[in-house]
Each structure stands twice: as C-alpha cells, then as structure tokens.
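The values are calculated or read from the model by the stated rules, or taken from the named source; none is laboratory data. Nothing here was measured: the structure is a model prediction, and the numbers come from that model. Counting neighbours? That spans all protein chains shown, and the Cβs are built from the backbone with ideal geometry, glycine included.
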Amino acid sequence: MSKRIIAPIVALATVLLLPALALAAPAAEGAAPAPVNELVALAMCLGIGLAALGGALGQGRAAAAAFEGICRNPSSAKEVNTPFILGLAFIESLVIFALVVDLLLLGKVGG
C-alpha cells in the first residue's frame, strides 16, 4: 500500500480510537464504577474526533491554496493574508463548537 492510503487510515484510527480507549479505561482500585451511557460516550468520541480531523484537513487545504496563490503572484500576499487568517478562524470556530457540544454531552455521561 502506498503512503497516500496508509497515512489517512492511521490518522483516522488514532483520532477515533484513542478517545474511546481513554473512556473505556478501568476505574482505579477501590473506586465505585460510575454508570456511563455508552452511546453518549461514543458520540463524544466520534464528534470531537471527526471535528478535529475535518478542521485539520480544512486548514491544510486553506493554507496550501493561500501559499500557492502567493507563490504564483508574490505581490498579492497582502490581499491573500487577511481572508486566509479569517478563513482559518472560521474553520477553527467549528472545531471549538464541536468541543462545546462534547462538553455539554459530558454532563450526560456520568450518572
């Protein structure tokens, strides 16, 4: 398999599986296990994982397009910079909204 196929699969597995493993970790000895709604926990893992993955891909594509435009026409750097930074802020705000939703779901995980 080529690196173009393996790298996204590994990234997706890391983003989706590590939060699930953290939530599935056993409780410390002597501590009473907290009742957990498994579907809400899974929704939290998938939500923030996919949001982070989508935000990272979007920011990478935006940066590549901005840098390509600047390389083709270096005098347009000032005109490209402001929309580029604004676009990155909008992309990042969507990931932050996903984090807020996950924090709201966190209140439903514990009993």
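Assuming P26 fulfils every condition listed in (1) at pLDDT below 70; (2) in a helix (DSSP H, G or I) apart from one, which condition is it?
(2)
The rows are residues; the columns are (1) under 21 Å from A7 (Cα atoms); (2) part of a helix (DSSP H, G or I); (3) modelled with pLDDT of 90 or more; (4) touching a helix residue (DSSP H, G or I) at 6+ places or on another chain (Cβ under 6 Å).
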position: A34; (1), (2), (3), (4): no, no, no, no
position: V40; (1), (2), (3), (4): no, yes, no, yes
position: G55; (1), (2), (3), (4): yes, yes, no, yes
position: A66; (1), (2), (3), (4): no, yes, yes, yes
position: N81; (1), (2), (3), (4): no, yes, no, no
position: E92; (1), (2), (3), (4): no, yes, no, no
position: D102; (1), (2), (3), (4): no, yes, no, yes
position: K108; (1), (2), (3), (4): no, yes, no, yes
